[in-house]
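So the structure is just underneath, and the comments pick up after that.
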Amino acid sequence: MHDPAAELPPAEIRRHFIVAIGASAGGLEALSSLIAHLPTDLNVPYVILQHLSPTYRSMLAQLLGRETAMAVREIEDGMVPEPNTIYTTPPNRNLEFRDDRFLLIAPAQEVLPKPSVNTFLYSLAETRGEGVIGVVLSGTGSDGASGLRAVKASGGLTFAQDPATAKYSGMPQAAIDTDCVDWVLAPADIAREIAGIVRTHGLIQPPHQGQNSPATLKTLLAKVHRYTKVDFSGYKETTVWRRILRRMAANRVASLDEYIALTRKNPDELGQLCKDILISVTSFFRDGEAFVALRRALEERLATKRIGDEVRIWVPGCATGEEVYSIAILLSELLGAGRHDFKIQLFATDIDQAAMNIARRGHYSEASLAGVDRGLVARYFKPHGDTYEISKELREMVVFARQNVVQDPPFLRLDLVSCRNLLIYFQNSLQERVLDIFHYALAPAGLLFLGKSESTYQRDNLFDTVHRDQRIFRRRDAPVSKSTVVSLMMDAAPPHRSVVPTKPRTLEERFLSAASSAYVPPSVLINAQMELLHVFGDVSNYLGLPVGRVDFNLLNLIRKDFRTEVQTLVHQAQHKRAAVFGRQHDHDKSSGAFRIAVHPIPGVEVEPMLLIAFEPVTVPDAARSDHFDLLPGLVTKDLEDELIATREHLQTVIEELETSNEETQALNEEMQASNEELQAANEELQAANEELQSTNEELTTVNEELQIKSAELGDANADLESIQSSVDYAIVVAGEQQRLLRYNDTAARLFGLSPARVGDSLRDVLAGHRLNAVLASIDEVIRTRRPLERQLTEGGCHYLLRASPRMTAQGDVRGCVLSLLDETPLFEVQRELRDKEQRLMSIMTFSTTLISVKDTSGRYEFVNPRFEQMLRRMTGLGAGDILGKTDQQVFPPDIARTFRERDLDVLRSGEASESREMLPIGGESVHFIALRFPMMSDDGVITAVCTKLVDISRLAGELGSAGR
């Protein structure tokens, strides 16, 4: 059975997601809402990066811990993320993710938000790729925007909070402006969408290779081509499939048929797919060793240049501009101050307009410059809020343009083409064509710089290897059929384009074609730059192809003796916007006389066009006869004089134009200088404003946490008040100078306190009160820094006074905490118990019965005096000698064994027992009636056995005598 899952890499079947959430000012509210709505069983780790003050200890972990049952932890260096756990970043640390571990990094000293959301997202995108979900919530600035672009370029999914729901919309709006955000939702909806993505992932599969379904990759790419005019048929299928599957996951569709049906309902999805395929991420000086090798190769190339020469470089597929700016920095470092002696032009092209907009702005995050030498950053960048801006001089070296490297004509005479990590997305046939284009565009011995996974093996005959490991090649002078202008223009048509049958010409078109052949003089159609667009009739008598490289500019094709006149007539026609005519020319005897006419083409085209006609002139016979009668020398002299006068006049006009142009240029430079000064002042104000915004973010975050902390303190204070009021003893808190700070209801009744007396000295409050003796105890505690406890009696009432020092977190004494417990009822009960105990002891002491009490282990706890007398007569021991001892330690073995057995019977039965016993005392046998009974605790547990021995010897003797 065919397994479709086997056709995909494992990462496509199951992803281990990790969610990164960035926030700043106002982010606590959004974070709380997001975390509260996240399920706790998704088996996903969540990492929160909220901008914090470097010196403020955040309570974020504790605050978020209330919103979820998941564990919330602060990240430690080297920690491994665990599923269903939320991680927060400590203050004044940036965070990266390497080798499946968190790395805490000390940030640079610049005034930038910390932790950097971009830094973490860059590292996460690089290491986890398609398993990353990036989220940007409320905050000011733009941190996180470029990081989300990296996440999306690596195949991850991206979210931004809806600015309408954000307290501060700067960060989410900046992310949305990159055009790399998949979902713009409220925090609660983001949580639900994440849950849906994680739970449904794995259900999406590509169709089988042999599947007979109309929903094919070719069908989809054709729809994308029609909608966006971008042809991806030459891209590798694996690359395209990854992006398609990503869009399918984002739209919750499980098959390609469903996805194509979705594009029919929502054609904008085709544009989103196009953006996903095109998106790429680059970095400054990517692959440092490659740039070291490029520096050496460029140095050799520049050594062949003379002052005033051009240095032309093309970077196709420039993305967000890091590559082209890296090369610009490299050039500036190589040339130093001498760079002004050359005409440097760097052309950066791409078909991703959103990426080029970022490149044109030239603003980059701190994270994107992490690997750049700090000296280069200082020379070529300047801080601009939470980003770095490329220097103006470097920016002016680069020209950005939208261009399809496959279909549009290339730049020419190039010293270097840097096309890194673009060819890897193309199929072999398309790679061959692009290499042909590069060979044509490069100047002799020009350099080609490719990515690490790219090579020129398809066109080895066109390039020599300069540095194989770092993929630097040199153009070889080799004839290639496809490297001509004609073939490049013919091949510019996209491959696989359907052939459209030629439409039969209408009668009007046939008439116009015949009329132009019969009546229109030889003519050419040119644009405003005098480039040849179309030729009508035979112009071989007027135009010719020069030797060498082909150039279709009319001034290079027209005969030299007509060049000045044509240039003047074109200028006049453009200025007057009317037809102008030149003087009469004689060709030869076979061809008649003619004149040059220039006609502006009416219309609304963006680029104006002109028709250059070589009109025949009819000369009257008399004039012709007169003309041939003139002496040849005179005619030649007249023509030469006229030509000299015309050239002088033209030179005068040109000089006047140049003077006017110089004045205009000077005025323009003055305006540019003023504009630059205003721009510099504006940028300084913006930088100051952004620093204030950054500070405001930190203050807002701190304020939010303080508000929550204040609410917590309010709740804690209310709880404390409830606890104080619920106890039945008086509590008084005194501060420094014995000022009243706090008291409970019992203390208010006891001391007559009221809220109006808070803050007053206790000496004043308790003046004349019957319990003012507590003041001495307060003084003693504050002085000795030790707690005390003592009894206090006043007016027949008895109190237990406890006083403790009121300590601060630093261990300083700031007053005293006093409590007074009214023990009068307890004191009365204790006195009553003592009275009863004394009565009982008197009864037991003066009783004639021998009384003893033993615990359950048989140790004596009490004996009365009569028992002690018996003990002395038997053993010579007193009461103090047997307390704590057992019968075995006091009496002879047989007596001790009898006593213990009788005690155990009582313990087992739990009931009293009575027996007659005889003990040898003083050489006599004394008879006793022994009564043993258990002594119970309040909960019915036996705690001791009491034994009462009544001497019945005399009674036994009397009974014996009576019996005799």
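The values are calculated or read from the model by the stated rules, or taken from the named source; none is laboratory data. This is a predicted model, so every value here is computed, not measured. Positions of Cβ are generated from backbone atoms using ideal geometry, with glycine treated the same way; all protein chains shown enter the neighbour counts.
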Based on what the data block shows, is Arg583 in a strand (DSSP E or B), closer than 14 Å to Leu611 by Cα and over 60 Å from the mean Cα position of the chain (by Cα)?
no
Flagged in the range 514-556 as assigned to a loop (DSSP other than H, G, I, E, B) and either outside the structural domain of Met609 (by TED's automatic domain parsing) or under 53 Å from the mean Cα position of the chain (by Cα) (or both), in numbering order, are Ala528, Gln529, Met530, Arg549, Val550, Asp551, Phe552
Subset of the range 171-181, residues at pLDDT 85 or above and not aliphatic (A, V, I, L, M), comes to Pro172, Gln173
Of Glu76, Glu126, the only residue that is surrounded by fewer than 19 Cβ atoms within 10 Å (Cβ to Cβ) and part of a loop (DSSP other than H, G, I, E, B) is Glu76
Of (1) outside any strand (DSSP E or B); (2) over 17 Å from the mean Cα position of the chain (by Cα), Pro91 satisfies every one except (2)
Taking the range 875-891 and keeping residues assigned to a helix (DSSP H, G or I) and not charged (D, E, K, R) leaves Thr875, Ala879, Gly880, Ile882, Gln888, Gln889, Val890
The condition from (1) at pLDDT 90 or above; (2) closer than 22 Å to Gly451 by Cβ; (3) touching a Phe, Trp or Tyr at 6+ places or on another chain (Cβ under 9 Å) that Arg296 misses is numbered (3)
So, first residue under 14 Å from Arg296 (Cα atoms) in the range 453-478, second residue among the polar types (S, T, N, Q), Cβ within less than 6 Å, six or more apart or across chains; the pairs are Phe473/Thr456; Phe473/Thr465
In the range 350-359, residues that are in a helix (DSSP H, G or I) and either crowded, with 20+ Cβ neighbours inside 10 Å or not aliphatic (A, V, I, L, M) (or both) total 6
### Query
If you check Asp309 against the conditions, is it closer than 27 Å to Gly446 by Cβ and acidic (Asp, Glu)?
yes
Scanning the range 297-328 for residues that are free of Cβ contacts under 8 Å to residues at least 12 places away in the same chain and in a helix (DSSP H, G or I), the one farthest from the chain's Cα centre (by Cα) turns out to be Ala303
Counted residues in the range 129-150 being assigned to a helix (DSSP H, G or I) and within 9 Å of the chain's Cα centre (by Cα) come to 4
State whether the residues of the range 193-216 include one that is touching a Lys or Arg at 6+ places or on another chain (Cβ under 9 Å), at pLDDT 90 or above and buried (at least 18 other Cβ atoms within 10 Å of the Cβ).
no
Item checked: Leu741 being out of contact with any Cys (no Cβ under 6 Å at 6 or more places or on another chain) and in contact (Cβ under 8 Å) with a residue 60 or more places away in the chain -> yes
Subset of the range 235-252, residues touching a residue at least 24 places away in the same chain (Cβ under 8 Å) and out of contact with any Asp or Glu (no Cβ under 7 Å at 6 or more places or on another chain), comes to Tyr235, Lys236, Thr239, Val240, Trp241, Arg242, Ile244, Met248, Ala249, Arg252
Residues of the range 747-799 being in contact with a Lys or Arg (Cβ under 7 Å, 6 or more places away or on another chain), modelled with pLDDT under 85 and surrounded by 14 or more Cβ atoms within 10 Å (Cβ to Cβ), in sequence order, are Val765
**Asked** Any residue in the range 713-723 that is of a type in the set (Gly, Ala, Ser), assigned by TED's automatic domain parsing to the domain that holds Gly815 and over 30 Å from Ala166 (Cβ atoms)?
**Response** no
All-but-one check, Pro163 against (1) surrounded by fewer than 24 Cβ atoms within 10 Å (Cβ to Cβ); (2) at pLDDT 90 or above; (3) under 22 Å from Ala319 (Cα atoms), failing number (3)
Residues of the range 331-349 being at pLDDT below 85 and surrounded by 13 or more Cβ atoms within 10 Å (Cβ to Cβ), in sequence order, are Arg339
All conditions in (1) loosely packed, with under 15 Cβ neighbours inside 10 Å; (2) on the phi < 0 side of the Ramachandran plot; (3) without any contact (Cβ under 8 Å) to a residue 60 or more places away in the chain are true of Pro54 except (3)
Inside the range 272-282, the number of residues satisfying the requirement of being assigned to a helix (DSSP H, G or I) and either in the same structural domain as Arg243 (by TED's automatic domain parsing) or under 16 Å from Leu245 (Cβ atoms) (or both) is 6
Going through the range 735-745 in order, the residues found to be surrounded by 17 or more Cβ atoms within 10 Å (Cβ to Cβ), at pLDDT 85 or above and not in a strand (DSSP E or B) are Asn744
Counting only strands (runs of 3 or more DSSP E) entirely within the range 751-857, those with at least 2 residues that are free of Cβ contacts under 8 Å to residues at least 24 places away in the same chain and of a type outside the set (Phe, Trp, Tyr) are 788-794, 797-807
The residue that is farthest from Glu310 (Cα to Cα), considering only those in the range 448-466 that are within 38 Å of the chain's Cα centre (by Cα) and at pLDDT 90 or above, is Leu450
